[in-house]
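Q: Dropping the structure in here first, questions after.
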Amino acid sequence: MAAPAFYLTLRDALLDLIQRDQLPRPGCLPAERWLAEHFQTTRVTLRQALTQLESEGVIYRQHRKGWFVAPKKLVYEPVQDVSFTRYVTAQGRVPQTEVLGFVQLAAEERIAHQLELQPGDPVYRLIRRRFIDQRLVLVERVWMNARYLPQLEQQRFDQSLWRVFEEVYGIQLIDKQITLTPTALQHEEAAALCVTPGSPGLYITRRSATAQGEVIEYDEEYWLQDVMTVRITTQHA
């Protein structure tokens with residue numbers, strides 16, 4: 001039987017280093033040059049091993065910052081009607097939101113179709129980045145029907161939008177259509193998430209309406225691929 005490729009042996013050695021908590025800085029791998037010298041290998045072989053661990057969700061890379069040990073994955077249940085802040089907090093993690101921009105503009109055809117409007121109708125666009133335990137995990141663009149949300153610009157956007165809809169406007173979003181698609185993060189999303197273009201990600205869209213069928217929100221989210229585990233819970237009638 002042929003011996004395993006050396007990069008897989010190196011992968012096991014790196015994993016052992018992580019699991020035994022033998023890193024010089026907790027949660028952070030040493031520089032690639034140090035690792036290559038420590039294991040007496042080339043940078044090419046080392047990167048094969050690191051990429052293998054990244055694909056397994058053991059470590060992750062931050063652009064220009066290095067390699068880090070991945071925290072426990074977030075459990076995401078798309079069928080649950082719970083905001084990001086609430087389900088992250090419920091799992092003992094610390095959520096954080098950074099607002100990148102908010103503007104009212106005329107709906108382009110693609111967004112008008114999602115919100116069941118005519119092209120040119122007024123919509124709001126909110127761009128935010130989300131963090132879990134201070135790690136940047138997703139960037140989102142939220143498009144909202146301005147007709148139902150007058151003076152929305154006066155609200156805070158570092159909190160749950162669903163709470164704003166309910167408490168300020170008396171709007172409950174009951175009907176949600178969600179899609180999840182593996183993707184390669186392109187330049188704009190990759191830059192916002194501080195990763196290199198082409199990095200694997202997860203593209204999630206959410207279209208939310210009231211019980212009366214009024215579409216209020218269309219959300220596009222770009223997640224880092226190693227952040228979450230998707231879980232679906234069904235109930236028999």
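Q: Could we say that residue 163 is touching a residue at least 40 places away in the same chain (Cβ under 8 Å), surrounded by fewer than 18 Cβ atoms within 10 Å (Cβ to Cβ) and either more than 17 Å from residue 212 (Cα to Cα) or assigned by TED's automatic domain parsing to the domain that holds residue 103 (or both) here?
A: Values: touching a residue at least 40 places away in the same chain (Cβ under 8 Å): yes; surrounded by fewer than 18 Cβ atoms within 10 Å (Cβ to Cβ): yes; either more than 17 Å from residue 212 (Cα to Cα) or assigned by TED's automatic domain parsing to the domain that holds residue 103 (or both): yes.
Criteria met by residue 163.
Q: Just to be sure I understand, how many residues within the stretch 101-135 are within 18 Å of residue 209 (Cα to Cα), surrounded by 13 or more Cβ atoms within 10 Å (Cβ to Cβ) and of a type in the set (Lys, Arg)?
A: 1
Q: Suppose we filter 50, 46, 74 for residues that are crowded, with 16+ Cβ neighbours inside 10 Å and out of contact with any strand residue (DSSP E or B) (no Cβ under 8 Å at 6 or more places or on another chain); which single one remains? Full working, then the answer.
A: On the way: 50 fails: out of contact with any strand residue (DSSP E or B) (no Cβ under 8 Å at 6 or more places or on another chain); 74 fails: out of contact with any strand residue (DSSP E or B) (no Cβ under 8 Å at 6 or more places or on another chain).
Among 50, 46, 74, only 46 is crowded, with 16+ Cβ neighbours inside 10 Å and out of contact with any strand residue (DSSP E or B) (no Cβ under 8 Å at 6 or more places or on another chain).
Conditions (1) farther than 30 Å from residue 159 by Cα; (2) in contact (Cβ under 8 Å) with a residue 40 or more places away in the chain; (3) small (Gly, Ala, Ser); (4) touching a Gly at 6+ places or on another chain (Cβ under 9 Å), marked per residue:
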site: 10; (1), (2), (3), (4): yes, no, no, no
site: 13; (1), (2), (3), (4): yes, no, yes, no
site: 32; (1), (2), (3), (4): yes, no, no, yes
site: 40; (1), (2), (3), (4): yes, no, no, no
site: 68; (1), (2), (3), (4): no, yes, no, yes
site: 79; (1), (2), (3), (4): no, yes, no, no
site: 91; (1), (2), (3), (4): no, no, no, no
site: 105; (1), (2), (3), (4): no, no, no, no
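Q: Then there's this: State all residues of the stretch 184-237 that are closer than 19 Å to residue 128 by Cβ, in a strand (DSSP E or B) and of a type in the set (S, T, N, Q); if no residue qualifies, say none.
A: 205, 208
Q: In the stretch 36-67, what count of residues is obtained for those that are among the polar types (S, T, N, Q) and closer than 26 Å to residue 223 by Cα?
A: Taking the stretch 36-67 first, the residues among the polar types (S, T, N, Q) are 40-42, 45, 48, 51-52, 55, 62.
Okay, now just the ones that are also closer than 26 Å to residue 223 by Cα, so 48, 51-52, 55, 62.
Residues in the stretch 36-67 being among the polar types (S, T, N, Q) and closer than 26 Å to residue 223 by Cα: 5 in total.
Q: Output the number of the condition that residue 211 fails; it satisfies all remaining conditions of (1) closer than 14 Å to residue 77 by Cα; (2) over 11 Å from the mean Cα position of the chain (by Cα).
A: It is condition (1) that residue 211 fails.
The values are calculated or read from the model by the stated rules, or taken from the named source; none is laboratory data. The model shown is predicted, which means the values in this text are computed figures rather than measured ones. Note that each Cβ is placed from the backbone with ideal geometry, even for glycine, and that neighbours are counted across all protein chains shown.
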